[in-house]
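Inspection log for the structure reproduced underneath, given as structure tokens.
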Amino acid sequence: MLAFERVRRREISLAELVADLTVDDLRDLTNEMVDTMLALLAGCVDADVTFEPEDPDAHDGAAADEGEVALPWTLGHVIVHATASAEESAFLAAELARGVENHGRSRYEVPWQTVTTVAQCRARLEESRRMRLASLAMWPDEPHLDNTYLPWPTARPMNATGRFVSGLWHDWSHLGQIAEVIRQASVARVAV
């Protein structure tokens, strides 16, 4: 796993972290991340997927419905959100690698309310793995790593490698949340 904690602490930049990564490295890192998420699901049962955890800090400014802004995220919700973000990064990275200027977002998120079983979470993760790995096959032999853009106003210029890895970083940022939702769901199951 990449040292995302060092980037979060601002000891190194994302560009420095990814400077020497190859497409093969990105494949390996993608497999490692999806395998890590699948391993977290190992002891889950279907009820865990829709369990609503305690999360007093819950705030989703991008919620589609006003009633969902302060709603704690279920395990299914976290999985579909993380995979959608990583896929968006992967597809934007493929365009940058091909020399295409960034033209905005490329995102679709499976409605989280439809993901209600562990099998659906696993299938979503495997589908995401397949799509992310397929996006790497679209990179040219000589990717345009000088093709950069600013993904948000305070960001440093980001190239294809940085864009791809930002999806993995986002996945990483949700690993603790996934583990905590599973922990709370497990405790609730035992208490019943």
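Brief remarks on what is shown
- Applying the criterion of at least 2 residues that are closer than 25 Å to Ser135 by Cα and among the hydrophobic types (A, V, I, L, M, F, W, C) to the helices (runs of 4 or more DSSP H) found wholly in the stretch 1-106 leaves 4-8, 14-18, 23-40, 75-97.
- Candidates Thr22, Thr83 - the one that is under 19 Å from Ile178 (Cβ atoms), of a type in the set (Ser, Thr, Tyr) and modelled with pLDDT of 95 or more: Thr83
- Options Leu2, Leu26, Leu21: the member that is surrounded by 16 or more Cβ atoms within 10 Å (Cβ to Cβ), within 17 Å of Glu126 (Cα to Cα) and touching a residue at least 24 places away in the same chain (Cβ under 8 Å): Leu26
- Every pair of residues 6+ apart whose Cβ atoms lie under 6 Å, when the first sits in the stretch 134-161 and is on the phi < 0 side of the Ramachandran plot while the second is part of a strand (DSSP E or B): Thr148/Met158; Pro151/Met158
- Counting only residues that are surrounded by 12 or more Cβ atoms within 10 Å (Cβ to Cβ) and free of Cβ contacts under 8 Å to residues at least 40 places away in the same chain, the stretch 106-118 holds 6 of them.
- Set side by side, the residues Asp48, Asp55 differ, and just one is charged (D, E, K, R) and touching a residue at least 40 places away in the same chain (Cβ under 8 Å), which is Asp48.
- Qualifying residue in the stretch 82-105 (condition: crowded, with 24+ Cβ neighbours inside 10 Å, of a type in the set (Val, Ile, Thr) and closer than 17 Å to Gly167 by Cβ): yes
- Candidate set: the stretch 118-149, residues that are among the polar types (S, T, N, Q) and assigned to a loop (DSSP other than H, G, I, E, B); chosen: the one nearest to Ala84 (Cα to Cα): Thr148
- Counting only residues that are of a type in the set (Val, Ile, Thr) and either surrounded by fewer than 15 Cβ atoms within 10 Å (Cβ to Cβ) or out of contact with any Ser or Thr (no Cβ under 8 Å at 6 or more places or on another chain) (or both), the stretch 38-58 holds 1 of them.
The values are calculated or read from the model by the stated rules, or taken from the named source; none is laboratory data. In this text, all values refer to a predicted model and were calculated from it rather than measured experimentally. Using ideal geometry, Cβ is built from the backbone for each residue, glycine included, and neighbour counts are taken over all protein chains shown.
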